[in-house]
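Some notes on the structure that comes next.
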Amino acid sequence: MFGNMTEKIREMLFRPKVDEKVLDEALRMAKAGVPPPVVWLLGKTQSGKTSIIRSLTGSPDAEIGNGFQSCTKTSRFYDHPADAPVVRFLDTQGLGEVDYDPSEDIAFCEFQAHLVIAVVKAAEGIQDDVFDVLRKVRIRHPEWPVIVAQTCLHELYAPDSGHIQPYPFDTPGWEQIAPPDLARSLLFQRKELGTPAGIAPVIWTPVDLTLPEDGITPHDYGLAALWAAIEQATEMELKSRLMGSEEVRDVFGRAAHQQIVGYTIASAAFGALPLVDMALVPALQTKMLHSLGTIYNVDWDKKRISEFIGLLGSGFLVGYGLRLAGRSLLKAVPVAGQTAGAAYGAVASAGITFGLGKAAAYYLERTVKGQSLDAEAVRKVFAEAVGTGKKMAAAMLTKERK
Amino acid sequence: MTTRTHLLHQFGYFRLFSLLLTSLPLLALPVLGMVWLWQSEQRIVWLAVLASCALLGFGLHLVLSRWDRNNTTLHATRADPLWPPSATPCWVKVENLAEQTTTQNWPLTDVEKMALLGRNTLETVAGHYHPDSPRPLLELTLPHALLIMERASRDLRIEIVENIPFSHQLKMGLLAEANQWKETARRFEPLYRAGRLLANPSSALFYELRRSVGNSIAGYGLDRVKAWMLREYVRKVGRYAIDLYSGRLLLDDVVHRPAKDSVEDDKRTGERFTDEPLRILVLGRANAGKSSLINALFGQVTAASDILPHTTQEVRAHRLQRDGQDEALILDAPGCDTDLFGDTALEKEVLNADLILWVASAVRADRQEDRKRLDMIRSWYAQRSHRRPPPMVAVVSHIDKLRPFQEWEPPYDLSSTTSIKAANIASAVEVIARDLGFSLDMTIPVCLAPDRLYNVEDTLAAVILEQSEEGRKAQYLRCWEAEKEKESWDKLLVQLKNTGRFVSDWIR
């Protein structure tokens, strides 16, 4: 019976008999049902908007310019992660480009956005066009927090000097530590913008995001502070969604985490959508496991699947089967059951998706590094992650109802 | 006639007879030679030699005259280089008219026809400047008409002294006498020739042949000079007419008299110019490096520069003196995108500039503001066709901040493909030239950081020097405009004063 069960779940998880098109359609609906927050990047051309997106998402699509010629020619969304986005960055064509009238684009972005990050080069004192847009936006959306990223700090350094370590700009009194020219420039821009209308805070964050080959270390100077600012500016828990908890530090870990969060949100959305067949949830989880496999460059062959399911143990199998059954049963009850089942299903599927993803990431990471695997640890990761995933889904659903 | 008889009388008939007697053997020699030729049956040979010599001489003359024409060109009046661009089409018309003028149609001896030719030229120019006026010749003021006569007369005098040899010793009386001699000769010549024909038919025939050929030899140079004089006449009148109708001819000479603004700016520098200096205006956006450029050009801290905008609060003039370069006023302006320097102020400074240096940072891609202002500057000059736009040079600053950030090892060869920095500088120059509408050779990359000065002393200074020639032309028209404005007021004031005196005299 046990072997049979393993076989069944393996079939369900790794060789789902679900049409790819149906799944994609469901994912699209989930995206529409629970739209990811849109972060609008506003600034002059070559001020570093796309650099910020590149650093935040690690997306290789975010092509950055050479500093003297405009690069981004059209506004563009960066869904992150691409399949099941947690956040969408809205990159815009820079202001001040010869023969470009930005008014239409600005209106479009303002309509789409949930949060605006203004990007200004620290060395360019006069930012009237950017600040004017900010002021107008705040009159219409007084509740919008504004983040102003002050970029390209190195242009104000004395020759042959590097970044100040540790990053001082998030602690009071940084004015004394920073080089005088830099400090004066940063303060000048803050004074220029003044206090725009509205109640939400304006958060100033100096960052310097360069390319690794530029030789200025670290090349993502101030990125953590920018994350903190985003975290402070929004209740959308963007940071925890994108960065993961403390233990996720490496590039693979972060990418995997973002994928897992994306699929967790999608599966929660599936649960909340009455019309979506819950049988799609395992298909979604499969897609996630394959995405994770791609990140770690590991192929899910028969041996690995068996090993992974074995490590999760019988408790997982029973729980997975029961949950699936319970969800379907509840959903079958008319009216009341639909709602309750949806809510229950949403939270439960999100929990399992997150747990499964985290456990798989843990398994894959240790496999890649050739470290020993211990069933106890895998189960612990799974159990903890199920809890986190449920909380995430619950928080999302509460916000939805609001 | 009395003079000649008188002269003969004075000389003495016997003395004349003795002179003739002495030279009689010599005078008989050609006659004897002819007789000998006749008798020894050599006359055919002699005639052949005579014919071939005449032909050879004529051919040699043709070659020489062609060589002459190629090597010696007579002076021709050209367009004034200081004219505004609007005068060029009109000058083309005058040149065409001069080319069409021939001595056959316009004999120099006919004074009335000459006056008509001058009038035609004037009308051509007047018609160009006042196409709508039915009688464009009337569109000029009386003092100006008198002035053009004065100028043309003076020019004519100088031309004659320079081009006709010994003209300074030529007296009007001598000219009249020479004419009289010519007239007498002409009166008796046909009679003389007819007599010759009767006396010696064959030699007279040769004489006639030689005369017609010889006349064209001697007359050739004269025809050329005549044509030159005609065309020069048309050009001269055309040139002054253009000066006149474009309103450029002032009642006073204006060349290099300081314009009003420079006098004021001189006060700003605390020194006086004796001559109008070249006004070099440094423009660009806030923090592009305008003041740094001025410091770099002066080689010392002259203008305050800082990383923050609003460092330069108003237009400041600095006096530049350099070996081999004339004095110039360098004007440092506030950033054109700041509130300190609006479009009106920009227009005023730009219209008072002879050379414009537009400073743009290599690491700022937002050049819309720059382009907007540059287009404005170009349109201001386009609207003023009587002004020559000052040459403009784009100065690309901050090239040290291009990728790779940490490299700064000048000099950079912009055609090099191995250095990334050089390649980036070259592309930045290209992009900026395109964005701002400059030509590539007028877009100069520099580094203005005091400890990293690069390309200022050599390349940029050379370009400025080269462009200052063009700047001088722009300056001329600027001074002239300022002077013209001043003139109308000054003249009006004097006229009013004189009228006032007249009226008060009359009342008294």
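Nothing in this text is a laboratory measurement; each read-out follows from the coordinates by a stated rule. Computed from a prediction, not measured in an experiment: that's the story for all the values here. Counting neighbours? That spans all protein chains shown, and the Cβs are built from the backbone with ideal geometry, glycine included.
If R0 is 41 Å, the Cβ-Cβ spacing of residue B:5 and residue B:62 corresponds to a FRET efficiency of close to 0.40.
Each label point is 7 Å from the Cα along the Cα-to-Cβ direction; what then is the distance between the points at residue B:348 and residue A:314, in nm? My value for the distance between the label points is 9.5 nm. Spacing of the modelled spin labels on residue B:55 and residue B:76, each 7 Å from Cα toward Cβ, amounts to 3.6 nm. Among the listed pairs A:44/B:348; A:136/B:372; A:49/B:290; A:31/A:302, those whose Cα-Cα separation exceeds 26 Å are A:44/B:348; A:49/B:290; A:31/A:302. Proximity of backbone amide H atoms, modeled 1.01 Å from N, is registered between residue B:331 and B:280, B:281, B:282, B:318 at under 5 Å, excluding neighbours fewer than 5 places apart on the same chain. If R0 equals 25 Å, the separation of the Cβ atoms of residue B:15 and residue B:35 corresponds to a calculated FRET efficiency of about 0.25.
In a fully extended conformation the segment linking residue B:112 and residue B:407 would gain 98.3 nm over its present Cα-Cα distance, using 0.36 nm per residue. For the segment A:65-77, counting C-beta atoms of other chains within 10 Å of every residue's C-beta and taking the mean gives 4.
The antiparallel fraction among DSSP beta bridges confined to region B:316-429 stands at about 50%.
Among the residues of A:123-130, the average count of other protein chain beta-carbon atoms within 10 Å of the residue beta-carbon is 6. Entry note, region B:398-452: relative contact order of 35 percent, from Cα contacts under 8 Å with a spacing of 6+ residues. Peptides A:73-86, A:190-203, ordered by how many other C-beta atoms sit within 10 Å of their residues on average, highest first, read A:73-86, A:190-203.
Counting Cβ atoms of other protein chains within 10 Å of each residue's Cβ and taking the mean over peptide B:405-416 gives 2.
Other residues with beta-carbon under 11 Å from the beta-carbon of residue A:75 carry, at +1 per Lys or Arg and -1 per Asp or Glu, a net charge of 0. Per-peptide packing, taken as the mean over residues of other Cβ atoms within 10 Å, places A:282-293, A:161-172 in the sequence A:282-293, A:161-172 from highest down. Suppose R0 equals 25 Å; then what is the FRET efficiency for residue B:130 and residue B:383 from their Cβ-Cβ distance, rounded to the nearest 0.05? Step by step, r from the Cβ atoms, then E = 0.80. Between residue A:187 and residue A:395, the distance separating the two model label sites (each 7 Å from Cα on the Cα→Cβ line) works out to 3.7 nm.
Sorting A:51-62, B:382-393, B:25-36 by their mean Cβ neighbour count within 10 Å, with the most densely packed peptide first, gives A:51-62, B:382-393, B:25-36.
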